[in-house]
Amino acid sequence: MAITFPLALPTVTGIRSIEWAPRSVVGLNASPFTGQQQVYAWPGQWWEATVTLPPMKDAAAGEWAAFFLALNSREGTFLLGDSVRKTRLGSVTGTLTVGAGATANSTTLPIAGATGTFALGDWLQVGTGSASRLHRVVQVNSSTSVDVFPRLRSAYASGTAITVASPKGLFRLSALPSWAYDERKVCAGLTFNAVEALS
């Protein structure tokens, strides 16, 4: 049976730590005479993450090794979310979907089916499977509109599912990680880098 992407993270261990790195393509030109600046904000925005796993014995390490090898470096994709804030802090409830008028490269995400509001910093997932996109709330406009990072990847179709419980996005490895064992046959310090999978 062929490997089907995206893969889910192995559940044999949790995540020891995760470092999120938001990336934006913004240029700046400063006059050498006056210091006046011109800023060029391009639509490129994405997530990168550095994930460190806890020390583990060989059986658990074997599952992680199989996961990395199945991804074949940057070829395959997997779903990744924040291991710290898995649930929203805001009061929003309901069956959330994308509302009408979502525009590609906009920061504003229209929302339908919601009551209550998001809190700043809440994560949300737009779409499912290989169409999963991970966003973070940077401004709450109303129960039907929030501004998010990164910008909308496309003109999300009205009715597309929005997930607020354990939201995830689509990522790929930056490179195959290495791992090592100590004298106790424990794999410690296994870290991998991921970048959001963009198409």
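Bear in mind these aren't lab numbers, they're just calculated from the coordinates by the rules spelled out. From a predicted model like this one, the values you see are computed outputs, not experimental measurements. Every residue, glycine as well, gets a Cβ built from its backbone with ideal geometry; the counts of neighbours run over all protein chains shown.
Picking from Phe118, Ser132, Ser158, whose Cα lies most toward the positive end of the charge dipole for the range 84-167 (charges on Cβ: Lys, Arg +1; Asp, Glu -1)? Result: Ser132, furthest along the dipole toward the positive end. For Ser174, the residues whose modelled amide H falls within less than 5 Å of its own, excluding neighbours fewer than 5 places apart on the same chain, are Asn193, Ala194, Val195. I want to verify a result. In a Gaussian network model of the chain, Cα cutoff 10 Å, which of these has the top mean-square fluctuation: Ala30, Ala49, Ala165? Per the Cα network of the chain with a 10 Å cutoff, Ala30 tops the list. With a simple spin-label model that places each label point 7 Å from the Cα along the Cα-to-Cβ direction, the separation between Ile3 and Trp42 comes to 3.1 nm. As a length-normalised measure over Cα pairs under 8 Å and 6 or more apart, the relative contact order of the chain settles at 25 percent.
Counting neighbouring beta carbons within 10 Å and listing from fewest to most, the residues Asp122, Asp58, Asp147 come out as Asp58, Asp147, Asp122.
From its DSSP helices (H runs of at least four residues, each -39,500 (n - 2.57)), the chain gives a residue-normalised ellipticity at 222 nm of -2500 deg cm²/dmol. Just to check, using Stokes-Einstein with a Kirkwood Rh over alpha carbon pairs, what's the diffusion coefficient of the chain at 4 °C and 1.567 mPa s in µm²/s? Answer, rounded: 70 µm²/s.
Taking all Cα pairs closer than 8 Å and separated by 6 or more residues, the relative contact order of the range 118-199 comes to 26 percent. Its convex hull of Cα atoms gives the range 22-121 a direction-averaged projected area, equal to a quarter of the hull surface, of 11.8 nm². Evaluating 6.51 cos²θ - 1.76 cosθ + 1.60 at θ = phi - 60° for every residue in the range 153-170, the Karplus couplings come out as 5, 7, 7, 3, 5, 4, x, 5, 5, 10, 10, 10, 9, 6, x, 9, x, 8 Hz, glycine and proline recorded as x.
A straight line joining the Cα centroids of the range 1-68 and the range 139-199 runs 7 Å.
Over the C-alpha trace of the range 84-167, radius of gyration and Dmax come out as 11.1, 32 angstrom. With θ taken as phi - 60° and the Karplus curve 6.51 cos²θ - 1.76 cosθ + 1.60 applied, the whole-hertz 3J(HN,Hα) list for the range 178-188 is 10, 8, 9, 10, 9, 5, 8, 6, 10, 8, 10 Hz, x standing for glycine and proline.
For the chain, excluding the exposed loop sites themselves (trypsin sites (Lys or Arg not before Pro), DSSP loop, at most 16 other Cβ atoms within 10 Å), the longest remaining stretch covers 87-183. Translational diffusion of the range 61-107 was estimated from the Stokes-Einstein equation, with Rh taken as the Kirkwood radius over Cα pairs; at 37 °C and 0.692 mPa s the coefficient is 218 µm²/s. Computed about its Cα centre, the charge dipole of the range 55-199 is approximately 140 debye, with only Lys, Arg, Asp and Glu carrying charge at their Cβ. Note on Lys86: lysines with a C-alpha under 16 Å away, same-chain residues under 8 apart excluded, are Lys168. Fewest-first ordering of Val98, Val195, Val26 by other beta carbons within 10 Å of each residue's beta carbon gives Val26, Val195, Val98.
This model, with +1 at the C-beta of Lys and Arg and -1 at the C-beta of Asp and Glu, gives the range 138-199 a dipole about its Cα centre of some 120 debye. The angle between the Cα long axis of helix 58-71 and the main principal axis of the chain comes to about 50°, on a 0 to 90 degree scale. For GluC sites (Glu not before Pro), the sites in the range 1-82 that DSSP calls loop and that have at most 14 other Cβ atoms within 10 Å are Glu75.
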